[in-house]
Structures are given as C-alpha cells and as structure tokens.
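The values are calculated or read from the model by the stated rules, or taken from the named source; none is laboratory data. Source: prediction; values computed, not measured. Methodologically, a virtual Cβ is constructed for each residue, glycine included, from the backbone with ideal geometry; neighbour enumeration extends over all protein chains shown.
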Amino acid sequence: MLDLVAIIVTLTAALAWLNQRFIRLPTTIGVMAIALLLSWGLQGLAWLGLPGLEDRAAGWVARFDFNELVMEGLLSLLLFAGALHIDLDRLKRYRWSIGFLATLGVVISTLVIGAAIYGLLRVAGVELSWLYCLVFGALISPTDPIAVLGILRKAGAPVDLELRIVGESLFNDGVAVVVFTLLLGAAAGGEALTPGHAGALFLQEAGGGIALGLAVGAVAYALMRSIDEYRIEVLISLAVVLGGYALALQLHVSGPIAMVVAGLLVGNKARESAMSETTRAQLDAFWELIDELLNALLFVLLGLEVLLIPFAGWQLWVAAAVIAVLLGVRLVTTGLPVMLLRETLGFRRGSARILTWGGLRGGISVALALAIPSGEARDVLLTITYLIVLFSILVQGLTIGRLVAWLLAREGA
C-alpha cells in the first residue's frame, strides 16, 4: 500500500507543478485535466499497438478502491474542512433555501433524473430496472463545490453566493448518500422500500448523523476549552473526523452529516470561546492544507479512472441528454427559492443562473456509482456518471468564472 501512496502523491505533486508553472488553471481542475490527457495518451499508444504502458497504468489504478477511498476516507475530511470555515450565523439566513435544496431538492432531482434515464436507456435499447434508475438519480444529485469555489472567489463572486453553494453542497452530499443507500439496498438487496420503512431508515441515518455530530463536536469543544495548546487541539480536531466517521459506520448513521454538524460546531462554537488566536490560526492553516492536498489527490485519481471505464458511442448522447435534464432540474430547484426569497435575503440579479451553472458534480458521484454491485447496471451507470462529471468539471468549472464576471458587470452597468 505504501508504494501506491508514494506513486499517487508523487504524480499529484508533478501534475500540480506542471499546472502551476505552465497551464495556470485552478489546481483541482488543472491536475484532473492533465491526468485525463495522460490517460488518453496511454490509450492512444495502446491503439497504435503499444498496450504495455496502458495495461500497467490500468493495473496500478485498479489497485485503488476509489469508492472506499472517497466514502470511508477523503469524504469525512473534506466535509469537515468545508464546514469548519462556514459562519453559522450567516448560514442561518439561507437555512430555508439550503434546507429545501438539501431535502426536497435532492428528492425531486432523484425522481426526475431517474425517470429521464429510464426513458433514455429504453430508447438506446438498454433494459434497466426503475429502482436502478432511481439509484442513478440519487448518486448524480449531490453537488461538489470544491472545484468551483476558487474560481468564484477569483471572479469576485458575492460572498452570499459562495456561502449558499457551499452550505447546500455540504448538506445535500449527506442527504443524497442516505437516499442512495436506501435505494441501492432495495435495488440490489431486494429490501422492501415502503414509505414507512424508508422514512424510518432515513430518520435513523440522518437524525443519527446529526445527533452523533453534535455529540463528538461537543466533546471536542469541552476538550479544547480545557487546554491551551494548539498542537493538541489540532490533533483533537483530526480525531473528531477519523474517530467520529468510524463510529458513524459502526452505528449505521450518516457519517457525512455527522462530519458537517461536527465541523460547524467546532468551527463556530469552539472557535469563538475555546481557542486562542494561535490555535485558530494553526487549525485553519492545517485544515486548509488538508483540504487542498486531498482535493488534488482526488481529482488526479478521477482523471486516471478513465483507464478503467469502458465507453460506447450511445452513452455519449445519453449523457448529453441527462446533462440537459440535470441543468433544467437545478434551474427550477434553485430558481424557485431565489425568486421566493429574493427580497427577504437580498439575492442579486443572476443568482439563479450562477447557482445553476455552479452546481458541479464530482468525485462523490463517481464513488457512489462504483458502489453499485458488479453487473450491467453498474457498467452502464458508471460510464454515464463519469461522462457527466467530466463535462461538469471541465466545461462548467472552466466557464463559471466568466459567467459570474459577466453578470456582475451587468449589475454594475
């Protein structure tokens, strides 16, 4: 395992340097783009009759369990790091719109996308059960703010939009994972999915995650308040994430939701009254570095995953159609709260368009697709998911900054 870690860290460092030195894209998008080009180059060599390098690289990438790496490793750290820097008082202003997107928004997206992929696959001649189509709807619903946040800040996007995108993503990641787990259990394991059963499981996962997050966050707060040593306090925050997420898995409650709640508690309550200025500075520096490094690693692996995913021509037009439906659903589910709450919360003109185009899909969707049991359903849905994620990051991610700048210029004109 050490050799795998050494290879991926070294490769990520090299690609990050190339991007910073010559390409100058946002780090996450840049390293993924270069990794993707590298993968395509290896596939080109195989097409020319030199398959050795591609086979070796594919064998190396296959040794990584991407789903386990993301869902049981990186996700907990990234969600905690994201929640740690959110101002809870300001987040409360958008609690209704964020709450809508993280609950009903995820459910609506799951149903509409599930129905769309069901019909599209029928047109393509692929028979897939309704439940597996809903599974796809759930895994493609969570948005990933990591790649877009740096671009929004560089473009001078209003802080309220940044906060809303991050807040929505942190919570809908957790809810979408719970919905995905319920639907996958019904589709793959034959579990009965009655409304009562689904509601009880959702309450256990989501409610249990909130309770666990509050508990571990409160313990961290009490421990931090009792001492003044930044090294120990940073270690406590790390223990909250690793230990709390492991405990969530054992208790069968939502680890992502628990980490968001714990991060909000530590980042607000503990920061306010349990940390010295030195501890705040060191804690922020530590988690900002963790956030940047892990996202770079994640996006490099995402670019290399193309070596393992089989593609067919019909999947391209199906993915393109799903992208159009995704954007339409997001426009409705984001535009409605913005219109209803525009005067109350002071949303700017063009907010709905920025929030729609800024709803990127990322590594979580691919990780969830990889959790589907081996078979035709997994092969079909994984490929379509990957194509959507590529479009989302490379097209939406690279153009959202221009959209923000254009809308802000119009507002100022």
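A quick yes/no check of all residues on (1) at pLDDT 85 or above; (2) in contact with a strand residue (DSSP E or B) (Cβ under 8 Å, 6 or more places away or on another chain); (3) within 19 Å of LEU264 (Cα to Cα):
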position: CYS133; (1), (2), (3): yes, no, no
position: ARG153; (1), (2), (3): no, no, no
position: LEU183; (1), (2), (3): yes, no, no
position: GLY207; (1), (2), (3): yes, no, yes
position: LEU214; (1), (2), (3): yes, no, yes
Exercise. Which residue out of ILE86, ILE29 is of a type in the set (A, V, I, L, M) and surrounded by 20 or more Cβ atoms within 10 Å (Cβ to Cβ)?
Worked result: ILE29
Exercise. Does region 24-44 hold any residues that are free of Cβ contacts under 8 Å to residues at least 40 places away in the same chain and over 14 Å from LEU301 (Cα atoms), and which are they?
Worked result: ARG24, GLY41, GLY44
Exercise. Pick from region 381-413 the residues that are among the small types (Gly, Ala, Ser) and at pLDDT below 85: which of them is surrounded by the most Cβ atoms within 10 Å (Cβ to Cβ)?
Worked result: GLY401
Exercise. With region 176-287 as the region, which helices (runs of 4 or more DSSP H) entirely inside it contain at least 2 residues that are within 29 Å of SER374 (Cβ to Cβ)?
Worked result: 195-202, 230-251, 255-265
For this session: Look through region 185-200, keep the residues that are at pLDDT 80 or above and in contact with a helix residue (DSSP H, G or I) (Cβ under 6 Å, 6 or more places away or on another chain), and return whichever of them is surrounded by the most Cβ atoms within 10 Å (Cβ to Cβ).
Result: ALA187
Exercise. For region 140-149, does any single residue satisfy the condition of being at pLDDT below 80, closer than 17 Å to HIS85 by Cβ and part of a loop (DSSP other than H, G, I, E, B)?
Worked result: yes
For this session: Give the residues of region 210-235 that are out of contact with any Leu (no Cβ under 9 Å at 6 or more places or on another chain) and closer than 19 Å to ALA102 by Cβ, sorted by residue number.
Result: ILE210, ALA211
For this session: Can you run down the residue pairs with Cβ atoms below 6 Å, 6 or more apart or on separate chains, where the first is in region 5-17 and within 18 Å of ASP65 (Cα to Cα) and the partner is assigned to a helix (DSSP H, G or I)?
Result: THR12/ALA296; THR12/LEU297; THR12/VAL300
Seminar exercise, completed: For region 353-380 the number of residues that are without any contact (Cβ under 8 Å) to a residue 40 or more places away in the chain and either within 15 Å of the chain's Cα centre (by Cα) or buried (at least 21 other Cβ atoms within 10 Å of the Cβ) (or both) is 1
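So that you can scan it fast, the table gives a plain yes or no per residue for (1) within 20 Å of TRP357 (Cβ to Cβ); (2) part of a helix (DSSP H, G or I); (3) over 17 Å from the mean Cα position of the chain (by Cα):
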| residue | (1), (2), (3) |
| --- | --- |
| LEU293 | no, yes, no |
| LEU298 | no, yes, no |
| LEU307 | no, yes, yes |
| GLN315 | no, yes, yes |
| ALA321 | yes, yes, yes |
| LEU326 | yes, yes, no |
| THR333 | yes, yes, yes |
| VAL338 | yes, yes, yes |
Problem set entry | First in region 82-98 and in contact (Cβ under 8 Å) with a residue 24 or more places away in the chain, second anywhere and of a type in the set (Phe, Trp, Tyr), Cβ under 6 Å, 6 or more apart | LEU84/TRP287
Exercise. Yes or no: LEU201 touching a residue at least 40 places away in the same chain (Cβ under 8 Å) and closer than 26 Å to VAL106 by Cβ?
Worked result: no
